[in-house]
Amino acid sequence: MHPNPAFRQTGTERNITFARSQGFGMLAVSTPEAPLISHIPFLLNEAGTEATFHLVRSNPICRLVGEGVPARLAVIGPNGYISPDWYEMDDQVPTWNYVAVHLIGRMEQLSADSLHPMLDELSEWFEATLDPKPRWRTEKMPKDAMARMMRHILPFRLVVNEIDSTWKLSQNKPEAARLAAARALSAHDRDLAEMMSDPPDD
């Protein structure tokens with residue numbers, strides 16, 4: 001995460017809201033050789049204290065969990081290249097702006113009977129983002145097909161004990177320069193430009 005305090009002032013509530021809305025991240029677990037990383041959808045509770053997800057049984061992370069293992073779930077948001085020309089200042093260099101929230105804690109395997117309810121909750125959460133589309137639910141699948149697919153995955157949760165974040169949105173620049181860069185960027189990346197126009201200050 002970026003060490004500049006200007007990019008690390010975002011409050012816990014905003015970080016939780018962001019991570020919940022993204023719902024996709026990179027799960028990282030350490031090994032002696034190199035970290036293992038999996039890209040996963042997840043569901044974070046409203047308090048930001050627990051993220052639930054599933055992994056395919058053959059994922060090597062599954063073999064490391066045991067009674068629990070330290071893990072980090074990195075959630076990435078809008079990001080992009082910022083041209084120094086956009087600041088309308090002579091003493092600037094190229095940079096990259098981005099939003100990242102890390103959920104840090106202990107990964108645990110859940111009981112097998114929690115898998116189906118977890119899948120229902122996860123699909124319901126993401127189906128809701130597609131309104132007015134009628135919701136897909138697991139009941140639409142033949143029971144034998146659902147059971148067959150569930151045999152290939154395992155349920156987990158990350159008990160979150162720390163949330164770290166970087167919202168690097170040119171807050172370290174004069175406001176006029178930041179807004180000028182946001183206006184120029186809007187032609188290429190509207191989401192990141194909107195964040196730069198109104199960066200968090202909580």
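On the stretch given as the stretch 46-88, residues that are of a type in the set (A, V, I, L, M), loosely packed, with under 15 Cβ neighbours inside 10 Å and closer than 30 Å to H188 by Cβ total 1.
The set of residues from the stretch 84-137 being small (G, A, S), within 24 Å of the chain's Cα centre (by Cα) and part of a helix (DSSP H, G or I) comprises S114, S123, A128.
Please determine whether any residue of the stretch 155-168 is aliphatic (A, V, I, L, M) and either at positive phi or more than 16 Å from the chain's Cα centre (by Cα) (or both).
Among the residues of the stretch 155-168, not one is aliphatic (A, V, I, L, M) and either at positive phi or more than 16 Å from the chain's Cα centre (by Cα) (or both), which makes the answer no.
Tally up the residues in the stretch 104-119 that are more than 15 Å from G68 (Cβ to Cβ) and either of a type in the set (S, T, N, Q) or touching a residue at least 24 places away in the same chain (Cβ under 8 Å) (or both), please. Of the residues in that region, 6 qualify. Please determine whether any residue of the stretch 153-164 is in contact with a helix residue (DSSP H, G or I) (Cβ under 9 Å, 6 or more places away or on another chain) and over 30 Å from D113 (Cα atoms). Yes: the stretch 153-164 contains one or more residues that are in contact with a helix residue (DSSP H, G or I) (Cβ under 9 Å, 6 or more places away or on another chain) and over 30 Å from D113 (Cα atoms). Beta carbons closer than 6 Å, at least 6 apart along the sequence or on distinct chains, pair a first residue in the stretch 150-171 that is modelled with pLDDT of 95 or more with a second that is assigned to a strand (DSSP E or B) and among the polar types (S, T, N, Q) for F156/Q109; R157/T52; K168/N97; L169/N97. Looking only at residues in the stretch 104-155 that are in contact with a strand residue (DSSP E or B) (Cβ under 8 Å, 6 or more places away or on another chain) and of a type in the set (S, T, Y), the one that is surrounded by the fewest Cβ atoms within 10 Å (Cβ to Cβ) is S111. Condition test on R157, is it in contact with a Leu (Cβ under 8 Å, 6 or more places away or on another chain) and not aliphatic (A, V, I, L, M)? Against the criterion (in contact with a Leu (Cβ under 8 Å, 6 or more places away or on another chain) and not aliphatic (A, V, I, L, M)), R157 qualifies. Contact map, the stretch 4-27: first residue under 15 Å from L158 (Cβ atoms), second residue part of a helix (DSSP H, G or I) and not small (G, A, S), Cβ cut-off under 9 Å, separation 6 or more or different chains; pairs are R20/W125; G23/L122; G23/W125; G23/F126; G23/T129.
The values are calculated or read from the model by the stated rules, or taken from the named source; none is laboratory data. What you are looking at is a predicted structure, and each value in this text was computed from that prediction instead of being measured. Please note: Cβ atoms are built from the backbone with ideal geometry, for glycine as well, and neighbour counts cover all protein chains shown.
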